[in-house]
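Reviewing the structure listed below.
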Amino acid sequence: MDPMSLLLQPPVFYPVVPYACTIFGGLQYGRMILIQGRVTSDAVRFQIDFQCGCSTRPRSDIAIHFNPRFSSSDAHVICNTLCRDKWLDEQKFSGFPLRRGNSFVLLFLFLADKVKVSISGQHFLDFSYRLPLRDVDTLGIYGDVSVKEVSFLSTNPYHAEMTEYPLCQPLKPGNSDLTLPLSRPLPMGLSEGSLSR
Ligand code: GAL
């Protein structure tokens, strides 16, 4: 097993957008990135980019460009890949549930051949990789969005069969529930493959 899959990365709270950070150890199968935020009230678009580096000139490749757009009556998401400064064929996903001003929890779950994205607990899209996942080492957040928290999570690396979203919750900064001593029931108990934060 790759020891990188056990690497922990602390969450980032209230990053100022535009924002870019290194993903410790790069992206790989079983990693998850959870972004809690809000679409600005006058949003035209924002984007979450999973980049292969952070160069601006020439622009680094973007393996996964997740780009919600709000200017038409049908809010939608464009996903694409930027390879050697050229956009490949874009994919459009209609029925985007978020509107201007809405809060959200976006979860990106990186599988071997595709990323799955859920919005506030509901699966929204699958996007198949066109560039190798192992080349992605940078997360970029740009455009009309404010971000409360970015968390870097891993599914159980010993659990090879993983198709559904594992249960995961963002931390709530300042929540008095986090004061010690803390004791809380685990609603579903513990079982192989479950995550506890
Ligand atoms: C272009 C846009 C880029 C990117 C791309 C995705 O039209 O200028 O920012 O969103 O589409 O295909």
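Just so it is clear, none of the values below were taken in a lab; they were calculated from the coordinates. Quick caveat, the model's predicted, so the values are computed rather than measured. Here the Cβ is made from the backbone with ideal geometry for all residues, glycine too, and neighbour counts use every protein chain on show.
Simple spin-label model, 7 Å along Cα-to-Cβ: S183 to S72 in nm? It is 5.6 nm. A simple spin-label model places the labels of V17 and D42 1.5 nm from each other, with each point 7 Å out along Cα-to-Cβ. Using the Cβ-Cβ distance between E90 and S55 with R0 = 22 Å, the FRET efficiency computed as 1/(1 + (r/R0)^6) comes to roughly 0.50. Taking H as built 1.01 Å from N, whose amide H comes closer than 5 Å to the amide H of A43, not counting residues under 5 places away? Those lying under 5 Å, H to H, from A43 are G101.
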